[in-house]
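Take a look at the structure below.
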Amino acid sequence: EKGGYEHFMLKEIYEQPRAIHDTFRGRLRPDQGIIKMAGIDQNSERFLNANRIIIVACGTSWHAGLVAEYIFEDMARIPVEVEYASEFRYRNPVITENDVLIAISQSGETADTLAAIKLAKENGAFVFGVCNVVGSSIARETDAGAYTHAGPEIGVASTKAFTTQITVLMMIAMKLAKEKGVFSESKYHELLTELEGIPQKVERTLETNPLIEKISEVYKDSSNCLYLGRGYNFPVALEGALKLKEISYIHAEGYPAAEMKHGPIALIDEQMPVVVIATRKGHYEKVVSNIQEIKSRKGKIIAVVTEGDNTVKELADHVVEVPEASESMTPLLTTIPLQLLSYHIAVMRGCNVDQPRNLAKSVTVE
Ligand code: M6R
């Protein structure tokens, strides 16, 4: 059932090219210049006339929501707020009939997310679900939705659910951008074609696995780890940190790279590994100067860079290369090495990777 892999998590990491492909298959049609998504097509007015989009989710799905905030605002120019479902439901939020709420949930059973949906519906908002499990409570409770086609995710640590959620949310943003006239035909076509090529780039990124295993060997006994990224890759830093803490029990924090000097920099010494996402498109120079700051404080730098990068190679202790991509698509690639890093470290520490202590696959109680 693990298809020759030692753990479900590794199998699911390796399934990502296929899972992303399955998620856009039948929807993405670059030759015709369209993305077909019935849930959006039938409700496009609700989206286009929305005051704002509120995204609610928990855990990794919340991180996908944060990536979507960058994508929606950048591509479709619709204001987005991303909320922890647990906070949103209890803080007497202002919700109007002109709001669209997107709930993201792999399992479709997360109690707080479900409660946030009910609250939004009571207040007249239009509620759209992005779920993986077909027929789940959230899928049934929402007004419309789009499934991720990741296939069953067994490992408690979410991997392919995350990248397929981003894929669905990106297709929605592109569709809306096109309908709003933000994108020209040619820009739209270019992005559709690029998204179609992402599974192949994920495949290439997975080839970094042996290198990541070596890096993991070096840092497996660390007691702390920092993850930094900017823009689209700030949520990826959060996700990398969550993966490490949940399966290896190493304390990890994700930060927007520029926030480092507002506190976390005090933690940096020769014992501190810092994972930095420094892809070429995305405030590259600024991230490079963050890397310099870490280096001068003797922090150990593991950098995720674009193929062919030389500048960071000079500074970092380890570099992991991912294929070149538009900034908006880099999270689909930069996430992969971080998943592998946490996986190998957890295995080396003898942790139960698929069933980490104290955690459940679906959190059906608050
Ligand atoms: O099923 P959901 O997507 O609603 O689950 C949300 C979180 O419980 C989940 O992403 C959790 O954070 C994962 N264990 C992270 O790997």
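Conditions tested, residue by residue: (1) part of a loop (DSSP other than H, G, I, E, B); (2) surrounded by fewer than 24 Cβ atoms within 10 Å (Cβ to Cβ); (3) at pLDDT 95 or above.
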residue: Asn92; (1), (2), (3): yes, yes, no
residue: Ile95; (1), (2), (3): yes, yes, yes
residue: Gly135; (1), (2), (3): yes, yes, yes
residue: Gln165; (1), (2), (3): no, no, yes
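Taking the criterion of being under 18 Å from the mean Cα position of the chain (by Cα) and part of a loop (DSSP other than H, G, I, E, B), the residues of region 137-151 that qualify are Thr148, His149, Ala150, Gly151. For region 85-95, check the following and say yes or no: at least one residue is within 16 Å of the ligand (Cβ to nearest atom), of a type in the set (A, V, I, L, M) and under 14 Å from the mean Cα position of the chain (by Cα). Within region 85-95, none of the residues are within 16 Å of the ligand (Cβ to nearest atom), of a type in the set (A, V, I, L, M) and under 14 Å from the mean Cα position of the chain (by Cα).
Comparison of Glu179, Glu122, Glu185 shows that the only residue that is charged (D, E, K, R) and either within 11 Å of the ligand (Cβ to nearest atom) or touching a helix residue (DSSP H, G or I) at 6+ places or on another chain (Cβ under 7 Å) (or both) is Glu179. Of everything in region 239-263 that is more than 16 Å from the ligand (Cβ to nearest atom), part of a helix (DSSP H, G or I) and free of Cβ contacts under 8 Å to residues at least 12 places away in the same chain, the residue that is nearest to Ile291 (Cα to Cα) is Glu259.
Every condition in (1) under 18 Å from Pro235 (Cα atoms); (2) away from the ligand (no atom under 16 Å from the Cβ); (3) of a type in the set (A, V, I, L, M, F, W, C) holds for Ile78 except the one numbered (1).
Close Cβ contacts (under 8 Å, 6 or more residues apart or on different chains) running from residues in region 312-337 that are within 12 Å of Leu206 (Cα to Cα) and at pLDDT below 95 to residues that are hydrophobic (A, V, I, L, M, F, W, C) and surrounded by fewer than 19 Cβ atoms within 10 Å (Cβ to Cβ) are absent. Of the helices (runs of 4 or more DSSP H) lying entirely inside region 22-86, those containing at least 2 residues that are surrounded by fewer than 18 Cβ atoms within 10 Å (Cβ to Cβ) are 38-41, 44-48.
Only one entry in Thr148, Thr142 is of a type in the set (Val, Ile, Thr), closer than 22 Å to Asn51 by Cβ and within 15 Å of the ligand (Cβ to nearest atom), namely Thr142. For region 217-226, the criterion of being within 24 Å of Glu15 (Cβ to Cβ), more than 14 Å from the ligand (Cβ to nearest atom) and modelled with pLDDT of 95 or more is satisfied by no residue at all. Would you pick out the residues in region 335-352 that are over 21 Å from Leu66 (Cα atoms) and of a type outside the set (Gly, Ala, Ser)? Listed by number, the residues that qualify are Leu340, Leu341, Tyr343, His344, Ile345, Val347, Met348, Arg349, Cys351, Asn352.
Six or more apart or on different chains, Cβ atoms under 9 Å: show the pairs whose first residue is in region 182-200 and within 14 Å of Met75 (Cβ to Cβ) and whose second is in a helix (DSSP H, G or I) and aromatic (Phe, Trp, Tyr). Close Cβ pairs (under 9 Å, with a partner that is in a helix (DSSP H, G or I) and aromatic (Phe, Trp, Tyr)) amount to Leu195/Phe24.
Determine whether Pro273 is touching a residue at least 12 places away in the same chain (Cβ under 8 Å) and buried (at least 22 other Cβ atoms within 10 Å of the Cβ). In short, yes.
To keep it simple, each residue is scored yes or no on (1) of a type outside the set (Gly, Ala, Ser); (2) over 25 Å from Glu366 (Cα atoms); (3) touching a strand residue (DSSP E or B) at 6+ places or on another chain (Cβ under 8 Å).
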| residue | (1), (2), (3) |
| --- | --- |
| Ile53 | yes, no, yes |
| Phe72 | yes, yes, yes |
| Met75 | yes, yes, no |
| Glu81 | yes, no, yes |
| Glu87 | yes, no, no |
| Tyr90 | yes, no, no |
| Ile95 | yes, no, yes |
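Quickly run through region 280-298 and pick out the residues that are within 17 Å of Ala237 (Cα to Cα) and in a loop (DSSP other than H, G, I, E, B). Arg280, Lys281, Gly282, His283, listed by residue number. Does His63 satisfy the criteria of being within 16 Å of the ligand (Cβ to nearest atom), in contact with a helix residue (DSSP H, G or I) (Cβ under 8 Å, 6 or more places away or on another chain) and within 29 Å of Glu190 (Cβ to Cβ)? So His63 fits the description; yes. Quick one: which residue in Thr279, Thr330, Thr306 is under 30 Å from Phe88 (Cα atoms), crowded, with 16+ Cβ neighbours inside 10 Å, polar (S, T, N, Q) and more than 16 Å from the ligand (Cβ to nearest atom)? That would be Thr330, the only listed residue that is under 30 Å from Phe88 (Cα atoms), crowded, with 16+ Cβ neighbours inside 10 Å, polar (S, T, N, Q) and more than 16 Å from the ligand (Cβ to nearest atom).
Counting only residues that are within 17 Å of the chain's Cα centre (by Cα), surrounded by fewer than 24 Cβ atoms within 10 Å (Cβ to Cβ) and under 24 Å from Arg349 (Cβ atoms), region 229-251 holds 4 of them.
Picking from residues in region 318-366 that are hydroxyl-bearing (Ser, Thr, Tyr) and within 19 Å of the chain's Cα centre (by Cα), the one that is farthest from Pro17 (Cα to Cα) is Ser362.
For residues that are of a type in the set (Gly, Ala, Ser) and surrounded by fewer than 24 Cβ atoms within 10 Å (Cβ to Cβ), scanning just region 104-119, find the one that is nearest to the ligand (Cβ to nearest atom). Looking at residues that are of a type in the set (Gly, Ala, Ser) and surrounded by fewer than 24 Cβ atoms within 10 Å (Cβ to Cβ), I get Ser107.
The values are calculated or read from the model by the stated rules, or taken from the named source; none is laboratory data. Keep in mind the model is a prediction, meaning the values are calculated, not measured. A quick note on method: Cβ atoms are made from the backbone with ideal geometry, for glycine too, and the neighbour counts reach across all protein chains shown.
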